[in-house]
2 protein chains.
Amino acid sequence: MPLITYQTLHPGLSIDCVIFGFYQKEIKVLVLKLKNFEKWSLPGGFVDQTKDVDDEATNILKRRTGLKNVFLRQFHLFGDVKRNSDAHINALFNSKIIDNDSLIWFKQRFVTVGYYALIPFSPSQIFTPDNLSESCEWRSLKDIPEMILDHKEIIDSAHKTLKKELNYQPIGLNLLPEQFTMSELQAVYETILEKPLDRRNFRRKILNFAMLIPTKKQRVGGAYRSPYLYQFDLDKYHLALQNGLSSGW
Amino acid sequence: MPLITYQTLHPGLSIDCVIFGFYQKEIKVLVLKLKNFEKWSLPGGFVDQTKDVDDEATNILKRRTGLKNVFLRQFHLFGDVKRNSDAHINALFNSKIIDNDSLIWFKQRFVTVGYYALIPFSPSQIFTPDNLSESCEWRSLKDIPEMILDHKEIIDSAHKTLKKELNYQPIGLNLLPEQFTMSELQAVYETILEKPLDRRNFRRKILNFAMLIPTKKQRVGGAYRSPYLYQFDLDKYHLALQNGLSSGW
DNA sequence: TATATTTGCGTCTTAATGACACAATAAAAA
DNA sequence: TTTTTATTGTGTCATTAAGACGCAAATATA
């Protein structure tokens with residue numbers, strides 16, 4: 001069986017997923033390393049002719065990383081001619097990542113649809129990468145390794161989109177544990193926005209959105225004064241996802 | 001020469017453009033009618049293998065409608081399987097819009113990239129549709145004729161995107177004549193948002209953005225009190241396009 | 001000359017934002 | 001045990017933006 005059954009795939013179309021996590025005040029991105037290959041890549045793949053593109057994004061992510069039930073958002077189609085590179089395909093061939101039969105498939109010109117998602121980070125999380133990949137790792141957005149093709153630009157574009165979305169969408173539900181402190185939520189915002197926010201004003205504003213439920217519990221054991229824990233009001237959160245936070249007009 | 005030189009085209013990929021205009025308090029959309037075919041369609045087409053997708057959007061719009069120098073924004077990829085329809089292709093074939101040689105091309109499964117743009121409306125504007133099309137017309141968003149495939153959904157999706165963009169982007173520059181009254185600008189907003197705005201609050205808010213230059217001229221000849229004319233401050237406008245209007249955080 | 005309608009330009013109240021202060025807490029240092 | 005230190009909780013005050021209105025000036029039409 002050939003590596004890729006390209007007869008059943010949608011030609012010239014690929015999907016790439018930018019999976020964001022958050023840990024210790026840093027945005028993390030999930031990247032894959034192919035066997036025998038020095039550059040890293042985003043979890044991506046091709047689209048079955050008989051399946052919806054949006055659905056395939058989920059399937060591909062599952063196949064490449066083992067991640068299930070991830071809500072992916074389509075954010076851009078990358079369609080420049082120069083994003084393709086024969087040299088890159090030849091390198092993949094030389095590294096025996098793609099075989100002779102697949103070469104004609106890979107040498108097509110591809111456009112790729114970018115999807116992004118926010119998922120909970122766990123430092124001990126084990127991913128189950130596909131056979132082609134030697135590892136699947138979280139990397140800090142500030143410290144992305146050398147990526148194939150335009151995958152670095154795809155990451156940057158996803159981050160830019162996320163930054164924009166932050167202004168009219170709630171965020172944090174999938175990024176933080178079920179219960180979290182106000183400082184942790186603020187850190188998510190500050191990290192994505194790449195700028196500091198006033199602690200007291202942040203608290204006031206986020207509480208005014210009425211999406212947070214203050215549990216009376218405190219996180220104990222940490223240094224200094226024990227902070228209260230909050231959790232999201234799921235109904236309000238999803239409502240805000242649909243309607244946006246600040247109407248504008 | 002065959003109708004479509006499909007050897008040079010990117011397979012399974014099309015582009016559709018939603019061109020918005022504004023006239024007499026109505027949003028207009030540019031639609032095409034194919035010869036011998038009852039349904040209407042968006043100006044769309046295919047992507048040359050050797051060209052950037054974004055550039056091809058502009059080229060396609062020019063080819064299908066004659067419109068030049070239109071700034072198109074990519075907004076979504078429509079990739080559901082069911083958006084394709086063999087029945088539709090057969091109907092095109094029966095209407096002699098596509099010939100036997102092109103049939104294999106059209107019977108592929110297609111995904112389409114949606115672009116939208118805002119352009120000035122002129123009721124007397126003459127479009128120069130391509131050979132396949134019998135006419136190219138403005139139609140009110142509220143009165144879109146029966147469209148092929150999912151083109152109606154593409155229009156709705158573009159409108160939804162536009163509505164969202166209105167909250168953090170300036171708008172009107174390409175939609176109104178160089179000089180316009182405050183009421184005309186307000187009508188643009190009200191029409192896109194599909195809700196009335198308070199005249200006095202609108203004026204205050206829009207002037208606070210400091211993108212408008214009040215000319216001291218008035219529009220004379222109309223009924224009732226003559227309104228002042230405004231024009232956009234191009235520098236401020238383009239700056240606001242880049243940075244957004246309300247930062248949010 | 002009166003009427004109808006639009007336009008320009010306000011006010012008043014309430015809500016949101018930005019800048020900042022101080023006491024309470026709890027681990028760590030003295 | 002006491003003191004220190006960094007963090008957390010909760011405010012205030014001034015400024016700006018938003019929402020709800022009022023009223024006189026202008027101008028074609030009746």
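The values are calculated or read from the model by the stated rules, or taken from the named source; none is laboratory data. Predicted model only: the values in this text are computed from it and were never measured. Methodologically, a virtual Cβ is constructed for each residue, glycine included, from the backbone with ideal geometry; neighbour enumeration extends over all protein chains shown. Ligands, DNA and RNA are stripped out before the accessible areas are found, and what is left, the full protein with its side chains, is counted by its heavy atoms. Shrake-Rupley method; radii C 1.70, N 1.55, O 1.52, S 1.80 Å.
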Only one of A:ALA240, A:ALA187, A:ALA223, A:ALA210 that is more than 13 Å from every other protein chain (Cβ to nearest Cβ) and under 25 Å from A:ASN69 (Cα atoms)
A:ALA240
Filter the range B:230-249 down to the residues that are under 24 Å from the mean Cα position of the chain (by Cα) and part of a strand (DSSP E or B) and list them by number.
B:GLN231, B:PHE232
Leading residue by the ranking (nearest to A:ASN243 (Cα to Cα)) among those in the range B:125-161 that are in a helix (DSSP H, G or I) and more than 14 Å from the chain's Cα centre (by Cα)
B:LYS142
A:LYS25 - would you say it is touching a residue at least 60 places away in the same chain (Cβ under 8 Å) and touching a strand residue (DSSP E or B) at 6+ places or on another chain (Cβ under 7 Å)?
no
Subset of the range A:88-99 [in contact (Cβ under 8 Å) with a residue 40 or more places away in the chain and either open to solvent by less than 70 Å² (accessible area, probe 1.4 Å) or under 25 Å from the mean Cα position of the chain (by Cα) (or both)]
A:HIS88, A:ALA91, A:LEU92, A:SER95, A:ILE97, A:ILE98, A:ASP99
Those residues of the range A:230-249 which are more than 9 Å from DNA strand C (Cβ to nearest atom), modelled with pLDDT under 95 and polar (S, T, N, Q), in sequence order:
A:GLN242, A:ASN243, A:SER247
Of everything in the range A:144-169, what is farther than 16 Å from A:LEU118 by Cβ and surrounded by fewer than 18 Cβ atoms within 10 Å (Cβ to Cβ)? Give them in sequence order.
A:ILE144, A:PRO145, A:GLU146, A:LYS152, A:GLU153, A:ASP156
Among B:SER102, B:SER122, which is the only one that is within 21 Å of the chain's Cα centre (by Cα) and of a type outside the set (Asp, Glu)?
B:SER122
Which one is farthest from B:LYS160 (Cα to Cα) among residues in the range B:46-56 that are within 9 Å of chain A (Cβ to nearest Cβ) and surrounded by 20 or more Cβ atoms within 10 Å (Cβ to Cβ)?
B:VAL47
Sole exception among (1) open to solvent by 10 Å² or more (accessible area, probe 1.4 Å); (2) under 16 Å from the mean Cα position of the chain (by Cα); (3) over 27 Å from B:THR112 (Cβ atoms); (4) not aliphatic (A, V, I, L, M) for B:GLY172, by number
(1)
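To keep it simple, each residue is scored yes or no on (1) at pLDDT 95 or above; (2) within 14 Å of chain A (Cβ to nearest Cβ); (3) buried (at least 18 other Cβ atoms within 10 Å of the Cβ).
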residue: B:GLU38; (1), (2), (3): no, no, no
residue: B:PRO43; (1), (2), (3): yes, no, yes
residue: B:LYS62; (1), (2), (3): yes, no, no
residue: B:LEU67; (1), (2), (3): yes, no, yes
Which residues, counting only those in the range A:21-51, are of a type in the set (Val, Ile, Thr) and closer than 17 Å to A:ASP150 by Cβ?
A:VAL29, A:VAL31
Inside the range B:18-36, can you point out the residues that are within 23 Å of the chain's Cα centre (by Cα) and either on the phi > 0 side of the Ramachandran plot or within 14 Å of another protein chain (Cβ to nearest Cβ) (or both)?
B:GLN24, B:LYS25
Residues of the range B:100-111 being within 21 Å of B:ASN59 (Cβ to Cβ) and at the interface with chain A (Cβ under 10 Å from one of its Cβ atoms), in sequence order, are B:GLN108, B:PHE110, B:VAL111
For the subset of the range A:179-229 comprising residues that are in a helix (DSSP H, G or I) and near DNA strand C (Cβ under 8 Å from one of its atoms), which member is surrounded by the most Cβ atoms within 10 Å (Cβ to Cβ)?
A:LYS205
When the range B:56-87 is examined, which residues are found to be without any contact (Cβ under 8 Å) to a residue 40 or more places away in the chain, farther than 17 Å from A:ASP48 by Cα and touching a helix residue (DSSP H, G or I) at 6+ places or on another chain (Cβ under 7 Å)?
B:LYS68
